[in-house]
Amino acid sequence: MPSPRTIVIAGAGIGGLTAALALAAKGFRVILREKAERLEEVGAGLQLSPNASRILLDLGLQPQLAGAVVCPETVSIRTARSGGEVMRLPLAASAHADAPYWLVHRADLQGALLAAVQSHPNIDLRLASPVQAIEAAADAIRIDDLEAAALIGADGAWSAVRGKFFPGVQPQFSGLIAWRGTCNAAALPSDLRPSGVQLWMGPRAHLVIYPMSAGQRINLVAIVPGALLAPGWSTPDGSDDLNAHFSKARWPANARAMIATIDHWGRWPLYTMPDGGVWHSGRVALLGDAAHAMVPFAAQGAGMAIEDAAVLAKCLGETRNDGDIPAALARYAAQREPRVTRVQRTARQQGQIYHLQEPMAFARDTVMRLLGPKRLQARQDWIYNWRL
Ligand SMILES: Cc1cc2nc3c(=O)[nH]c(=O)nc-3n(C[C@H](O)[C@H](O)[C@H](O)COP(=O)(O)OP(=O)(O)OC[C@H]3O[C@@H](n4cnc5c(N)ncnc54)[C@H](O)[C@@H]3O)c2cc1C
């Protein structure tokens, strides 16, 4: 007989690692299966707002993260129309005494979560261990050679777990490419070095720049329309597309100077799941990008995965025995679906606003100035003020 309190998680990304810690804190034994042989330093910077940082602090990650994060004071919103600042939003004011706004390198966050997972006696992390065969029964679930009370698919946008239970639900290409690059802070001239977050809005494109790794590194993301490349097709100088979008005619010199500082770009086609996502079936639940991959324009994809993990652990922690688990997963789905749907829509709408072209771009900048920083910042409160 399997232990009644064993949960298998597929995927050790930000969502799966956080879920493992949150479930172990509720007394479950967790088997965390990751298909990769080692957890690579993929991705670049992440913004984590108070709704997410609070959960990580509750899981005891402050010591591991303290030296790596940057707590920005503001977001400077700029327009490519003039190169000028439209407004400065007070991020520090939206942080809470118990939860800061963090800028963090994904590798630093993953490293902190991984260290906590590896030192937890009730979490068994298995690398090079892809979840493949899944057989669902009424009283347990069989995952390859394991039997468990529940299976959590935290296996990303191309989730194998979702593929088994929701084969018709697939991520769609958004038509947008995220170009991600990093550089040493010292590589940027001091007048271009951001101390907080900079968001540059321009015609059919935007740019986000911020410091991370205790201010030593700069993260730069440029979002532009683009095509999917055929498998195996690669460009020797992949940033041609990018340079064409950020041409002299459309973007001011300082934005282009920051782009020129990056010597290696990663090209990330942005895929999204349908609004509302897909969440659970019997003893199986999805979490993070597997359920709700979204465009990153509200900077909430990882944040929502972290919230999912906390809500999932709360719902499963309320069960008395294995028989209660399907109902607990249904409660988890019901709690997450409305909020995540709203975040997905908000993210998409923000991208549309950032990418407006003339004359709408002029109207956007004018309305933003009229609204002022306090009212604009208050529009994020429903995201940042969330608590378990
Ligand atoms: C340009 C860009 C900027 C972003 N900026 C932000 C931001 O500022 N703030 C924010 O909150 N979010 C941001 N995001 C979103 C965020 O990166 C993702 O939402 C988040 O990393 C998803 O985490 P996850 O754990 O759900 O999935 P993933 O990170 O994809 O992890 C899935 C894991 O599952 C493993 N796996 C896959 N298949 C299997 C299998 N069959 N068995 C076992 N393991 C398997 C994979 O190897 C991987 O390790 C951004 C995204 C992009 C593209």
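Things to note:
- All Cα-Cα distances of region 93-250, cut into 10 Å bins from zero to the largest, leave 8, 22, 27, 25, 14, 3, 0 percent in each bin in turn.
- A Cβ-based charge dipole, computed about the Cα centre of region 247-343 with Lys and Arg at +1 and Asp and Glu at -1, lands at about 440 debye.
- Relative contact order computed over region 272-330 (Cα-Cα under 8 Å; 6+ residues apart), in percent: 35 percent
- Accessible surface of residue 105 - all protein chains present, 1.4 Å probe, nearest 10 Å²: 30 Å²
- Projected-area mean, region 257-333, by convex hull of Cα positions, square nanometres: 6.8 nm²
- All aspartates and glutamates inside 17 Å of residue 35 as judged from Cα atoms, apart from same-chain residues fewer than 8 positions distant: 124, 144, 145, 155, 289
- Where only alpha carbons of the chain are counted, the Rg and the Dmax (Å): 21.1, 68
- Listed by chain and number, the aspartates and glutamates whose C-alpha is less than 12 Å from the C-alpha of residue 248, apart from same-chain residues fewer than 8 away, amount to an empty set.
- Rounded to whole Å, the principal axis extents of the Cα atoms in region 60-107 read 44, 25, 12, largest first.
- Hydrodynamic radius (Kirkwood) for region 254-388, which is based on Cα pairs only, to one decimal in Å: 17.4 Å
- If the segment from residue 353 to residue 375 were pulled out straight at 0.36 nm per residue, it would be longer than the present Cα-Cα gap by 6.3 nm.
- The chain - share of DSSP beta bridges that are antiparallel (%, nearest 5): 70 percent
- Accessible surface calculations at 1.4 Å, restricted to protein heavy atoms, place region 59-185 at 42 Å² per residue.
- Accessible-area composition of region 278-388, carbon plus sulfur, in percent [1.4 Å probe]: 56 percent
- For residue 330 and residue 240, the difference between the fully extended length at 0.36 nm per residue and the C-alpha to C-alpha distance is 27.7 nm.
- Projected area averaged over orientations for region 13-88, convex hull of C-alpha atoms, nm²: 7.7 nm²
- Average silhouette area of region 83-165, convex hull of alpha-carbon atoms, in square nanometres: 10.5 nm²
- Straight-line cross-link reach from residue 26 at under 16 Å between alpha-carbon atoms covers these lysines, not counting any fewer than eight positions away in the same chain: 314.
- Size check on region 179-314: the Cα extents along the three principal axes, sorted descending, read 55, 38, 26 Å.
The values are calculated or read from the model by the stated rules, or taken from the named source; none is laboratory data. No experiment lies behind these values; they were computed from the predicted model shown. Virtual Cβ from ideal backbone geometry, glycine too; neighbours counted across all protein chains shown. The protein model used for the area step is the full one, side chains on, heavy atoms only, and it has no ligands, DNA or RNA in it. Shrake-Rupley method; radii C 1.70, N 1.55, O 1.52, S 1.80 Å.
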